[in-house]
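The values are calculated or read from the model by the stated rules, or taken from the named source; none is laboratory data. Please read all numbers here as calculations on a predicted model, not as lab measurements. Here the Cβ positions follow ideal geometry from the backbone for every residue, glycine too, while neighbour counts run over all protein chains shown.
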Amino acid sequence: MSTNRNKGRLLIVEDSDTIAEVLRNTAEGLNTFSIAVAKSLSEAKFFIETEKFDVAILDIGLPDAPNGEVVDLAKEHSIPAIVLTGSFDFDLREKILQKSVVDYVQKSSIEDIRSAVFMAEDVVLFKGRKALVVDDSKVFRSILVDNFKDLNFTTFEAVDGIEAIEILNKNPDIDIVTVDYEMPHMNGVQLIQQIKQLFKTNIPIIIGVCSSDEHKTVVQFLKSGANDYFPKPIMKEIFNLKIANIMKLLRQQREILISQKVTEEYKKALDSGNLVTKADMLGNITYANEEFCALSGYSLDEMIGKSHSIFRHPQSPRSLFRELWTTIKDKKIWRGVIRNLRRDGSSYYSKTTIVPILDVDDEIVEFVAVRDDVTALVESRSDLKKEFFNDWLTGLGNRHKLRLDMKQNHANALAILDIKGFKDINNSYGSKSGDFILSEVANRLFESFLHLKYLLYRISSDEFGVLAAISNNAEREVFKDNIQNFIENLEENPIVIEGDDLIISLVAGIAFNSNDITNADMALKYAVSTNVRLTIFDENLKLGESYKRNVIWAQKLKNAINNDKIIPFFQPIVSAQTREICKYECLVRMIDEDGNIVLPGSFLDVAKKSNLYKQITLKMIQACFGVFSKTEHRFSINITLEDILDENVREFIIKMVTISKTGKRAIFELVESEGIEGYEQVLDFAERIKKLGCKLSIDDFGTGYSNFDYLMKLKPDIIKIDGSIIQKICSDENAYSVAATIVKFAKNHNCETVAEFVNSNEIYEKAKELGIDCMQGFYFHKPSASLGDI
């Protein structure tokens, strides 16, 4: 059957402003029409001559057309018309209906007036619909055909059942068939039976036609499958009402079919893109799509009627499934990642959403589980964790593994060993030889201390850590002597580089009964500054000149802050593909008394020790937002855990984002991210800035994180791969492998990647080969105090 439903053009001709407004508002509410309103015959003529209308609502008594002339105008232009009249009598009725109008409406109430619009909507919706009139009486056939035409139907005529079947075979999209009872060859009931055999589905609406006193015939019609009947003589008003009601039923049926079809298409889309199963109230499988069968290794027959527990991995916690069942039985949706077993015993991970399906009484009838296979994602995360907790060059634990072990193993003795003059060695012999020296020192540490169950680390470029659990003073002395002996043995056994015997000297700092690396680091700094081999930290340790330098720098910082000499520099970040600038990183700089630009490595540590760091942070944030509020560029600002935990700094950031209206362009780079796992404020801050449109970036990615899972809860938008990795991707397979793992992981998490410290075309091409999205480094642009200088 035909299904055309078009938006029509409606002409309203009414001299009463009030009634015209009711008609217009009602029509606009239906969203079926575009509307024109005229108040007189002359205005109506203008509209009709310049536009095409699908239907008109006409006041029969206008000031310049009191005798219904506007109806004749509509008829001349073949516009179906609904007539409005303020009075009613049978003579007027006959006069109106003789003009072949759709119908007439008496303006006796608001609802009557609005009904004219609903009738007009029917006329628009009926356009393109098809009707077949089957009657051997030419008079009755003509009446019905005219009535259908007045309602905008395309009509067909048949004098008997045989001709009717021929027409239906040629036009299977006919919507309505009217059937007279008394006809040659076959009566109306027989014709209805023939039509039902012809149309197994999408049977047209069938209306019987018979005299009003032929009750037996009416019953026969309805029992044989007719949807309704017309009594003879056929009154136009009854005809219109019945057709309108029948067509509404037809539309409802069509909408149900469309809804069912859409549901089927959604199911098809769901099945094709996901792993889907259904289960009954007991969790027994009632359906599984082909994709899930392929992943699980089970056939559909093997699954049907079985519990979902056949997929349960023995290492999956029972508490997970208790929570799952509690949630879905409470008619709530459950989401989570589940480790499962395939039929062959191998495991896979699925990101699962389980939805309780409710009936009209809000009772659960079944459960639908939709999954994504995230096995590769989980495994890459596992691989990345290993990378992050292990130094890629030496295989020892890294700085963040050291922090984790100090917390978990209750170790209380830490030695930090630094290679003296390593920078000079690296510059003289090259980075490849430098890496060999680092690996050789690591190997000797391993050989010397493994039997003692000491834990070993490479905690920065040329610094190593030795961690142990000490229970008494005697063990302290043994630990100190072991470190001292290792330093001496290393000096006595040179490392051969390019035929040269290099004597490698170490300096060490040791701290006992400390839960972080700060004290050992301070002892190391004192040993370096006093040129001794080994220093043990105590509270009375004097750092001499170091303290004096800190005091001097603290005063320089105060002067710079007070005189607005803390300024941002801007380094462009470029697209890897186009090399065009896509954003800028804001970098803090200080201008000293002589006008020199001072890098942050010279003053940030002092700033933290002298409680000036917060003031620098606030100055930088204010300056950066001031610059970028006047441009359309994207920009990033570095923030630390200390910044986020400070309520004043947090709120100042939110305020600056809001008033500068830069939320969709601002990026916050989280640095020094170790130790964030204990702070819900970090997650809260990340959520707040993202609601403002900002993005979150993780800086120096690849150097390790103390709680990687917690970090990923932040859902960063950007990952910046640490420069120490990027600088070696051309010369070191391990560095390349780490970078590749990070890129893969970032893509799995829909994170953009940025390579830091790109300082050559060779590194740029290799980073581009890895699929890194953006690049930053001196090869493209150096930092500048002004965007205009870049």
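Results for (1) among the charged types (D, E, K, R); (2) over 19 Å from SER347 (Cβ atoms); (3) modelled with pLDDT of 90 or more, shown as yes or no for each residue.
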site	(1), (2), (3)
LYS268	yes, yes, no
GLY273	no, yes, no
LYS278	yes, yes, yes
ALA294	no, no, yes
MET303	no, no, yes
ILE310	no, no, yes
LEU320	no, no, no
ILE328	no, yes, yes
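So that you can scan it fast, the table gives a plain yes or no per residue for (1) of a type in the set (A, V, I, L, M); (2) under 13 Å from THR753 (Cβ atoms); (3) modelled with pLDDT of 85 or more:
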position: GLU674; (1), (2), (3): no, no, no
position: GLU677; (1), (2), (3): no, no, no
position: CYS694; (1), (2), (3): no, no, yes
position: ILE698; (1), (2), (3): yes, yes, yes
position: CYS730; (1), (2), (3): no, no, yes
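Could you please let me know if ASP122 is in contact (Cβ under 8 Å) with a residue 60 or more places away in the chain, surrounded by fewer than 17 Cβ atoms within 10 Å (Cβ to Cβ) and not hydrophobic (A, V, I, L, M, F, W, C)? Step through it out loud before you land on a result.
Details: in contact (Cβ under 8 Å) with a residue 60 or more places away in the chain: yes; surrounded by fewer than 17 Cβ atoms within 10 Å (Cβ to Cβ): no; not hydrophobic (A, V, I, L, M, F, W, C): yes.
Answer is no for this residue.
Candidates in segment 609-623 are the residues that are more than 18 Å from ILE644 (Cβ to Cβ) and out of contact with any strand residue (DSSP E or B) (no Cβ under 9 Å at 6 or more places or on another chain); of these, the one that is surrounded by the fewest Cβ atoms within 10 Å (Cβ to Cβ) is LYS609. The number of residues in segment 33-48 that are crowded, with 20+ Cβ neighbours inside 10 Å and of a type in the set (Val, Ile, Thr) comes to 1. Consider segment 600-630 and keep the residues that are farther than 12 Å from VAL588 by Cα and assigned to a loop (DSSP other than H, G, I, E, B). The one that is modelled with the lowest pLDDT is SER610.
Selection within segment 502-525: residues that are within 49 Å of the chain's Cα centre (by Cα) and closer than 21 Å to ASN472 by Cβ. The member of this set that is surrounded by the fewest Cβ atoms within 10 Å (Cβ to Cβ) is ASN513.
Applying the criterion of being on the phi < 0 side of the Ramachandran plot and among the polar types (S, T, N, Q) to the residues of segment 201-215, the residue that is modelled with the highest pLDDT is SER211. Restricting segment 746-760 to residues that are surrounded by fewer than 21 Cβ atoms within 10 Å (Cβ to Cβ) and touching a Cys at 6+ places or on another chain (Cβ under 9 Å) leaves a set whose member that is farthest from ILE726 (Cα to Cα) is GLU752.
With respect to (1) at pLDDT 90 or above; (2) of a type in the set (Phe, Trp, Tyr); (3) within 29 Å of THR662 (Cα to Cα); (4) part of a helix (DSSP H, G or I), the lone exception for PHE757 is condition (4). Screening segment 188-217 for residues that are buried (at least 19 other Cβ atoms within 10 Å of the Cβ) and aliphatic (A, V, I, L, M) and picking the one that is farthest from TYR229 (Cα to Cα) gives ILE195. Any residue at all in segment 192-199 that is over 20 Å from ASN171 (Cα atoms), assigned to a helix (DSSP H, G or I) and more than 47 Å from the chain's Cα centre (by Cα)? Checking segment 192-199: not a single residue is over 20 Å from ASN171 (Cα atoms), assigned to a helix (DSSP H, G or I) and more than 47 Å from the chain's Cα centre (by Cα). Quick check: is even one residue across segment 429-449 crowded, with 16+ Cβ neighbours inside 10 Å, over 51 Å from the mean Cα position of the chain (by Cα) and part of a helix (DSSP H, G or I)? Yes, there is a match, as at least one residue in segment 429-449 is crowded, with 16+ Cβ neighbours inside 10 Å, over 51 Å from the mean Cα position of the chain (by Cα) and part of a helix (DSSP H, G or I).
Of everything listed in (1) assigned to a loop (DSSP other than H, G, I, E, B); (2) farther than 30 Å from LYS744 by Cα, the single unmet condition for THR326 is (1).
Residues considered: LYS766, LYS782. Of these, the only one that is surrounded by fewer than 19 Cβ atoms within 10 Å (Cβ to Cβ), in the same structural domain as GLY626 (by TED's automatic domain parsing) and of a type outside the set (Phe, Trp, Tyr) is LYS782.
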